């Protein structure tokens with residue numbers, strides 16, 4: 001097992017990032033590679049007569065070190081959900097009703113001890129780290145249930161013959177009791193805290209404070225990076241502050257690794273990714289995707305105060321997006337056509353003006369080419385475009 | 001469970017290695033999976049793989065069913081139902097005759113013919129992805145012909161597999177009994193699915209709130225219920241899976257999460273199904289190779305020719321017809337589903353099964369090649385003059401109406417950009 005662990009560590013450092021960069025361009029290869037990696041570890045563990053559960057865990061651990069993790073997690077989640085249903089139902093099927101209830105008194109007592117004990121221990125530990133009482137309370141009340149892994153361990157123990165089926169029944173009953181009770185405790189955690197505030201205030205002291213995690217707020221979310229959205233980035237950085245780019249192209253993540261922009265690799269369709277980008281709290285949402293469903297979800301989920309700019313492939317789509325609430329819908333080809341039309345008008349009316357405009361254009365392109373992108377010239381390129389018109 | 005680990009490990013590790021190796025070339029995944037299956041066949045015990053393959057069928061057909069929108073059927077199908085039907089009957093009929101002449105039984109010849117006439121939407125759509133996205137005519141035609149053919153395939157599966165689960169009726173009673181009863185049940189299941197789609201599904205979605213997980217599980221639960229129902233009344237599970245897909249509409253707010261969930265599930269089971277399929281083929285003998293060549297020829301040569309002729313008769317130009325036909329020249333995944341159901345039911349021999357699998361692996365790869373060089377192949381044909389008769393009237397028409405041109409503007413392409421520019425030039 002140690003050898004597998006070491007292999008997993010070394011692979012995560014040197015092999016996996018390279019492998020996933022090869023695969024990240026193709027959605028199917030990317031997904032199959034992730035699954036294959038898991039099966040490699042599971043298979044090796046089985047062949048060596050080790051626990052396949054631990055093998056799978058080590059596979060996941062090494063995958064978690066790769067920058068494409070969040071996209072992979074989202075892609076694999078449906079498969080996990082599917083097999084989770086199968087697994088937990090199979091545990092349910094193995095236990096007869098009388099086995100489930102054989103140790104019911106013990107299960108009730110153990111559940112009570114676990115919920116109260118877990119809460120007390122967690123509260124003590126978080127409080128000890130000098131967090132505010134509210135944080136300590138909310139952090140601990142969210143953790144008063146049995147882990148699903150206790151059922152995994154239980155099932156393993158039964159299959160190895162260490163314990164009998166009634167013990168698994170006892171564990172399952174505990175899981176059912178604590179998980180369902182904690183659902184309501186978590187749902188009403190703030191209300192419970194408010195009602196019982198006097199008790200927790202006793203733990204308060206002036207030097208207690210919460211460490212703020214970085215959370216995007218009033219920021220800009222850019223969906224997809226291309227020639228349309230790239231020139232806008234410096235302006236967004238200047239005016240809005242934090243800029244989060246969500247892109248499916250692995251090269252984007254590499255290109256911006258050391259820049260002032262945050263990049264999330266993955267598909268905007270995944271709700272977890274949208275949460276990570278803080279779409280609901282963004283002040284500006286800019287999408288260069290022409291996929292209607294992506295833009296629809298951006299428009300729908302964005303804050304009411306946010307300005308939402310999306311792209312459309314056709315005029316019909318653009319009108320639909322306006323109808324749905326987009327503030328501005330761009331159709332790059334139409335804009336280009338209009339621009340060329342204006343240039344041509346200029347050419348037919350007075351040629352000198354036309355050539356002057358083109359010279360400006362060429363200068364701008366050369367500047368962009370020399371600096372490698374539109375990004376380094378601090379948004380000047382964008383401003384120039386604006387003053388032109 | 002533990003006996004599944006080794007085969008699944010082989011399936012996914014093999015697929016990942018091959019996919020990574022060819023990721024630069026842009027081959028579609030399906031033929032690669034079959035090649036992986038051919039290579040690792042020895043490591044996979046046969047009884048187990050058949051069960052895996054059936055699960056694969058269920059999920060693949062289910063995902064296809066979810067993507068079918070009956071409301072849009074008429075607008076999509078109008079372009080191409082005629083083409084799809086003509087291709088089916090002409091290519092199918094000819095291949096049936098060839099199979100019969102080569103000594104196949106009528107039922108086997110029917111399977112043989114189906115394999116030749118239906119095209120794979122999994123492969124075709126992947127190849128023509130950009131054409132479809134850019135809404136080019138041949139991209140749209142490819143998509144809609146595939147769609148109509150897939151619907152045909154479901155119908156054929158319903159009919160051909162009807163005798164599968166009631167072999168007694170097919171052998172002892174009249175054949176009609178064996179077919180009519182499951183057919184009726186099949187139609188009934190589809191009816192139930194449509195009723196759920198119209199009246200119940202929205203309610204189920206509203207029950208699940210905003211939870212992506214619950215919506216996905218609701219869909220899976222529908223799938224399992226329909227599979228059980230079809231098993232219970234003795235219809236092919238492919239029909240049950242299709243019905244379950246039909247019961248799910250994509251017309252609700254959270255459908256994006258369902259779509260991406262189904263995409264993952266589809267990729268997962270696509271790999272399992274096609275690798276398993278490849279693993280069922282032993283080293284082919286001379287007869288198998290000969291039949292596979294006959295099948296391959298009818299797919300790679302006869303089918304494109306028929307498609308081109310039919311499309312040109314429909315009024316499309318020669319280039320559109322050619323490009324469309326080059327994304328249709330492969331075996332359909334539904335033919336493979338049909339073949340495996342036929343094998344399980346003893347309707348076709350192991351030999352014919354291997355013929356169909358071999359031909360499909362080869363044609364799926366050749367199809368990638370013809371698609372990549374489609375423009376060159378078209379121009380090579382055009383130079384020989386076969387299309388002159390078709391193209392000539394258009395050119396003459398163009399020249400006749402125009403006066404000798406001078407000081408004019410040439411606009412290449414009349415899209416959004418070209419039309420805007422043309423407006424200025426005209427004024």
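Any read-out appearing in this document is the output of simple, stated calculations on the displayed coordinates, not a laboratory observation. Bear in mind that the values here come from a model prediction, so they are computed numbers and not experimental data. Cβ coordinates were reconstructed from backbone atoms using ideal geometry, including for glycine residues, and neighbour counts include every protein chain displayed.
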- Where in segment A:280-314 does the amide nitrogen come within less than 13 Å of the point 7 Å from the Cα of residue A:333, taken along Cα to Cβ? A:290, A:312-314
- Highest mean packing first, using Cβ neighbours within 10 angstrom, the peptides B:6-13, A:120-127 sort as B:6-13, A:120-127
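Calculate, in nm to one decimal, what residue A:239 and residue A:125 gain on full extension: separation in residues at 0.36 nm each, minus their alpha carbon distance. Let's see the in-between values first.
Details: separation 114, 0.36 × 114 = 41.04 nm, distance 4.18 nm.
Result for the pair: 36.9 nm of gain on full extension.
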- Task: Calculate, in nm to one decimal, what residue A:13 and residue A:26 gain on full extension: separation in residues at 0.36 nm each, minus their alpha carbon distance.
- Result: 2.5 nm
- Message: Could you check the spin-label model distance between residue A:362 and residue B:411? Points 7 Å from the Cα along Cα→Cβ, value in nm.
- Response: 2.7 nm
- Spin-label point model (7 Å from Cα, Cβ direction): what's the residue A:108 to residue A:167 distance in nm? 2.4 nm
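Can you sort B:425, B:322 from fewest to most other Cβ atoms within 10 Å of each residue's own Cβ?
On the way: B:425 14, B:322 25.
Ascending Cβ contact count within 10 Å gives the list B:425, B:322.
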- Could you work out the mean count of beta carbons from other protein chains within 10 Å of each residue's beta carbon in A:77-86? 6
- Note on the structure: Here, segment A:220-330 modelled as identical Cα point scatterers in vacuum has Debye log10 I(q)/I(0) at q = 0.11, 0.14, 0.18, 0.20 Å⁻¹ of -0.30, -0.49, -0.83, -1.03
- Note on the structure: When chain A is treated as a Gaussian network with springs between alpha carbons less than 10 Å apart, the largest mean-square fluctuation among A:207, A:267, A:320 is found at A:207
- Task: Once you've got the GNM for chain A with C-alpha springs shorter than 10 Å, pick whichever of A:50, A:233, A:168 has the biggest mean-square fluctuation.
- Result: A:50
- For residue A:69 and residue A:303, extending 7 Å from Cα along the Cα-Cβ vector and measuring point to point gives, in nm, a value of 2.8 nm
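For peptide A:291-301, compute the average count of partner chain beta-carbon atoms within 10 Å of each residue's beta-carbon. Don't skip to the answer; put the middle values down first.
Working: counts 2, 0, 4, 1, 0, 2, 5, 0, 0, 1, 0.
Whole-number average of other-chain Cβ neighbours for A:291-301 is 1.
Can you work out the FRET efficiency for the pair residue A:87 and residue B:384, with r the C-beta to C-beta distance and R0 = 41 Å, to the nearest 0.05?
Numbers: r = 62 Å, r/R0 = 1.51.
According to the calculation, E is roughly 0.10.
Show me B:99-106, B:146-153 ranked by packing, highest mean number of other Cβ atoms within 10 Å first.
Working: B:99-106: 15.2, B:146-153: 23.4.
For the peptides B:99-106, B:146-153, the packing ranking is B:146-153, B:99-106.
Give me the mean projected area, in nm² to one decimal, of the convex hull enclosing the Cα positions of segment A:1-122. All intermediate terms of the calculation are to be shown ahead of the outcome.
Values: hull surface 42.9 nm².
For segment A:1-122, averaging the hull's shadow over all directions gives 10.7 nm².
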- Computed [θ] at 222 nm, helices only, for the protein assembly as shown once each DSSP H run of length n ≥ 4 contributes -39500 (n - 2.57): -22000 deg cm²/dmol
- Could you pull the Cα extents of the protein assembly as shown along its three principal axes, largest to smallest, in whole Å? 97, 88, 54
- Note on the structure: Taking Cα atoms only, Rg over Rh for chain A with Rh from the Kirkwood formula is 1.08
- Task: Quick one: go through segment B:296-320 and flag any residue whose amide nitrogen is under 18 Å from the point 7 Å out along the Cα-to-Cβ line of residue B:375.
- Result: B:317-320
- Item | Overall Cα dimensions of segment A:2-203, principal axis frame, Å, largest first | 57, 44, 30
- Query: How well do other chains shield peptide A:34-43, expressed as the mean number of their Cβ atoms within 10 Å of each residue Cβ?
  - Reply: 6
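If you count, for each residue, the other Cβ atoms within 10 Å and average over each peptide, how do B:263-269, B:40-46 line up from highest to lowest? Mind showing how you got there, number by number?
On the way: B:263-269: 20.9, B:40-46: 14.6.
The packing order, highest mean first, is B:263-269, B:40-46.
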- Query: So if R0 is 22 Å, what FRET efficiency would residue B:187 and residue B:105 give, r being the distance between their Cβ atoms, rounded to the nearest 0.05?
  - Reply: 0.20
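How high is the FRET efficiency between residue B:213 and residue A:192 when r is their beta carbon distance and R₀ equals 25 Å, given to the nearest 0.05? Please list the in-between numbers first.
Details: r = 26 Å, r/R0 = 1.03.
For residue B:213 and residue A:192, the calculated efficiency is 0.45.
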- Ascending count of other beta-carbon atoms within 10 Å, so fewest first, for A:37, A:200, A:18, A:104: A:18, A:104, A:200, A:37
- Item | Cubic angstrom per residue, convex hull over Cα atoms of segment B:256-342 | 147 Å³
